[in-house]
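The values are calculated or read from the model by the stated rules, or taken from the named source; none is laboratory data. Since the model is a prediction, treat every value here as computed from it, not as a measurement. Ideal geometry is used to build each Cβ from the backbone, glycine not excepted, and the neighbour counts take in all protein chains shown. Surface areas here come from the heavy atoms of the whole protein model, side chains and all, with no ligands, DNA or RNA. Shrake-Rupley method; radii C 1.70, N 1.55, O 1.52, S 1.80 Å.
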Amino acid sequence: MSDMYKKASKKIILWGIVLCGCVVLCAKSSQAFPVKVVKFLFEIKGGPNAPFNQPTDVAVGKGGKIYVLDGVNARIQVFDNKGNYLFKFGSFGSGNGQFNMPLGMGVDRQGNIYVADSRNHRLQVFGADGKYVEQIALPKDKGLMPPDPADVLIVSPRDEAEILFVTDNDNHRILMYDKESLQLIGRFGGHGFEDEVGNFRYPFSLASDMDQENVFVVDVLNTRVQMMDNKGKFIRKIGAWGIREGTFFRPKGVAVDADDRVYVSDGYMGVVQIFKKNGSYVSVVGSGKNKEIKFDSPIRVYIDKKQRLFVVEELSHKVSVYSLF
């Protein structure tokens, strides 16, 4: 068999594995493998007569309110701590309080909501009640694509000013803003491949550790998570390309629990894997011994103060909620 046909065969086998729905651990299906057992609590599919259409993010804010970014519907739906519908806000457009393909959001300690309004090339800020507050224009640098915010993270280091981190997806970089003044204070990254550190190919989701000292960036096409300090300096990478445990096919979401364990969702393989902060693999999220949970395009994950894991299942148009205890 020629080298060309060998390569083609390998590709066919790989895609066969993906299309047949095998998960990261399929090669070890007959063997024991580590599973973090979580307890299903409830799921959210949208408010009355307002089903989600490809939701993209979730966050828990002041008073335990659950905010779901209902992306294609260009709105945010709000629920109480148990998933009961409260209200919604936002509509399609480019005016104040309107969205065009919003992708990510973050909530600060005061309960304000920061939304990465992707195709409007801006961030918007809302109060906990959904009322529009202000917007943040992103830099349009010469020679680069229009800014394309995919996520926003509020980091509150001890005894330091709070910082907004924003993934500028199409420009393969991270923007940093002073939260008080909303002024741009830094940027890091650029287009780079998997053998380079500190650069990205389409950075997407963001999360921070418990001490707010480090930031985790999902580097989608480089199939890894990069761990940076809160000044943007590279520390280490987590994961690599693959279809086995501890590797990714298409990482999308990241969250950190109270023990500083890093949860990463794989949008293609449909699993959520767990790593230590030092990068070592721990387990896969599952419902029992040797039973990993298969999610439907888990685009984002989020862990709240009650140690509940929220998984945004984009193609099932829902958010699934689990207890980590």
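Within the range 187-196, which residues are at pLDDT below 95 and open to solvent by less than 90 Å² (accessible area, probe 1.4 Å)?
GLU196, the sole residue that qualifies.
Which members of the range 29-70 meet the condition of being more than 22 Å from ASP304 (Cα to Cα), touching a strand residue (DSSP E or B) at 6+ places or on another chain (Cβ under 8 Å) and open to solvent by 80 Å² or more (accessible area, probe 1.4 Å)?
Scanning the range 29-70 gives a single hit, PRO48.
For the range 206-236, what are the residues that are among the charged types (D, E, K, R) and either crowded, with 16+ Cβ neighbours inside 10 Å or at positive phi (or both)?
Answer for the range 206-236, where residues must be among the charged types (D, E, K, R) and either crowded, with 16+ Cβ neighbours inside 10 Å or at positive phi (or both): ASP209, ASP219, ARG224.
Could you check the range 255-325 for strands (runs of 3 or more DSSP E) lying wholly inside it with 2 or more residues that are under 17 Å from the mean Cα position of the chain (by Cα) and not hydrophobic (A, V, I, L, M, F, W, C)?
Fully inside the range 255-325 and qualifying: 262-266, 298-303, 308-313, 318-323.
Can you tell me which residue among ASP129, ASP159, ASP178, ASP168 is more than 23 Å from the chain's Cα centre (by Cα) and over 28 Å from LYS45 (Cα atoms)?
ASP159 is the lone residue from the list that is more than 23 Å from the chain's Cα centre (by Cα) and over 28 Å from LYS45 (Cα atoms).
Residues that are within 22 Å of ALA150 (Cβ to Cβ) and of a type in the set (A, V, I, L, M): list the strands (runs of 3 or more DSSP E) wholly contained in the range 58-111 that include at least 1 such residues.
Correct list: 66-70, 75-79, 102-107.
Testing ALA128 on (1) over 27 Å from VAL264 (Cα atoms); (2) touching a Phe, Trp or Tyr at 6+ places or on another chain (Cβ under 6 Å), one condition comes back false. Which one is that?
(2)
State whether the residues of the range 35-45 include one that is free of Cβ contacts under 8 Å to residues at least 12 places away in the same chain and in a loop (DSSP other than H, G, I, E, B).
The answer is no; no qualifying residue exists.
Which one of GLY130, GLY143 is open to solvent by less than 60 Å² (accessible area, probe 1.4 Å), at positive phi and outside any strand (DSSP E or B)?
So the residue among GLY130, GLY143 that is open to solvent by less than 60 Å² (accessible area, probe 1.4 Å), at positive phi and outside any strand (DSSP E or B) is GLY130.
Quick check on the range 149-163. Is at least one of its residues open to solvent by 30 Å² or more (accessible area, probe 1.4 Å), touching an Asp or Glu at 6+ places or on another chain (Cβ under 8 Å), part of a loop (DSSP other than H, G, I, E, B) and aliphatic (A, V, I, L, M)?
Yes, there is a match, as at least one residue in the range 149-163 is open to solvent by 30 Å² or more (accessible area, probe 1.4 Å), touching an Asp or Glu at 6+ places or on another chain (Cβ under 8 Å), part of a loop (DSSP other than H, G, I, E, B) and aliphatic (A, V, I, L, M).
Every residue in the range 258-277 that is closer than 26 Å to LYS305 by Cα and either among the small types (Gly, Ala, Ser) or open to solvent by 10 Å² or more (accessible area, probe 1.4 Å) (or both), please.
Selection gives ALA258, ASP259, ASP260, ARG261, SER265, GLY267, GLY270, LYS276, LYS277.
Might you check whether a residue that is under 28 Å from ALA258 (Cβ atoms) and in contact (Cβ under 8 Å) with a residue 40 or more places away in the chain occurs anywhere in the range 134-148?
For the range 134-148, residues under 28 Å from ALA258 (Cβ atoms) and in contact (Cβ under 8 Å) with a residue 40 or more places away in the chain: absent.
Determine, yes or no, whether ARG236 is farther than 30 Å from LEU315 by Cβ and in contact (Cβ under 8 Å) with a residue 40 or more places away in the chain.
Yes: the conditions hold for ARG236.
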